[in-house]
Amino acid sequence: MTTLADNLLRLEDSIATACRAAGRPRREVELMAVSKTFPAETILEAVALGLTLFGENRVQEWAQKSLEICPKSQRTEFHLIGHLQSNKAARAVELFDGIDSLDSLRLAERLNEASAKLGKRLPVLIEVKLSPEETKSGIDPDSDDAVKLFEALPHFTSLEARGLMTIAPWGAPDEVTRACFRSLREWRDRWAREHPRLNLDVLSMGMSGDFALAIGEGATRIRVGTALFGKRPRPATGLVP
Ligand SMILES: *Cc1c(COP(=O)(O)O)cnc(C)c1O
């Protein structure tokens, strides 16, 4: 058995344990394989093992790798989970099946425009910044910017809101991490009440080191890189090492 197959078995075991502890069915938690920095052949190996949802953090990197994965199987989805500059929005819309890191009104406008041009309805998650770390991206949930973004979203007819995403503070004690995940769920509940036209069902939270805590706090999608693929061959540019 390959290392990847081995890792997947172990990971599925831990996910099942976390789901049982939380009294939640396994099917409520989607596994996103974070393939950033790994080559296309690793992704193909993961697809062969049955993984269907992938996260990449750079437009340029995925533009290269996606060439080696064509024709893409119908069942697989590749989402952007890293920060996206507005000037790359059009390219990102061409390349990705979803943007899980929407963090400004300006970016939403650009994505909506580009999706409309392609006749595409683009699933998006709003990335929320819940930790004071300077390096974290995402929208401050208490800000006017957040209010404006949520008011505008239902009018962007080529965007399809699906939920929220967050990254927990790096290396924080479990209690702090857990509080961060709980806070994302509470913001979701509040925004869902205030904006009944938006679908905010997805809570994308939890990575290799903290997905069990996230499942306990209601994650519906966990984003796992290292625990599946091993240590990244080079540091990913962007926020998470
Ligand atoms: C890299 C990354 C992950 C995966 O991190 P691991 O600790 O390797 O599981 C998840 N989410 C985001 C946004 C990332 O950039």
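The values are calculated or read from the model by the stated rules, or taken from the named source; none is laboratory data. This one's a predicted model, so the numbers in the text were calculated from it and none came from an experiment. Virtual Cβ from ideal backbone geometry, glycine too; neighbours counted across all protein chains shown. When the accessible area is computed, the model is the full protein with side chains, heavy atoms only, and any ligands, DNA or RNA have been set aside. Shrake-Rupley method; radii C 1.70, N 1.55, O 1.52, S 1.80 Å.
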Roughly how many Å² of Glu160 are accessible to a 1.4 Å probe, to the nearest 10?
50
Please give the length that would be gained between Glu28 and Val176 if that part of the chain were fully extended, namely 0.36 nm times their separation in residues minus their C-alpha to C-alpha distance (nm, one decimal).
50.9 nm
Subtracting the Cα-Cα distance from 0.36 nm times the residue separation, let me have the gained length for Thr17 to Arg75 in nm, one decimal.
18.2 nm
FRET E, pair Lys120, Asn87, Förster distance 22 Å, beta-carbon r, rounded to 0.05
0.70
Compute the accessible area per residue over the chain, keeping the other protein chains in place, probe 1.4 Å, unit Å².
48
Grab the other residues whose beta carbon is less than 11 angstrom from that of Gln60, score K and R as +1, D and E as -1, and report the net.
+2
Set the Förster radius R0 to 22 Å, insert the Cβ-Cβ distance between Ala5 and Gln60 as r into 1/(1 + (r/R0)^6), and round the FRET efficiency to 0.05.
0.15
Grab the chain and count how many Lys pairs have their alpha-carbon atoms under 18 Å apart, sequence gap of 8 or more, or different chains.
10
With 0.36 nm assigned to each residue of separation and the Cα-Cα distance removed, Arg193 to Thr52 gains 47.6 nm
How large a share of the accessible area of the chain, in percent, is made up of carbon and sulfur atoms when the probe is 1.4 Å and the other protein chains stay in place?
50
How far apart, in nm, are the 7 Å Cα→Cβ label points at Asp144 and Glu109?
1.5
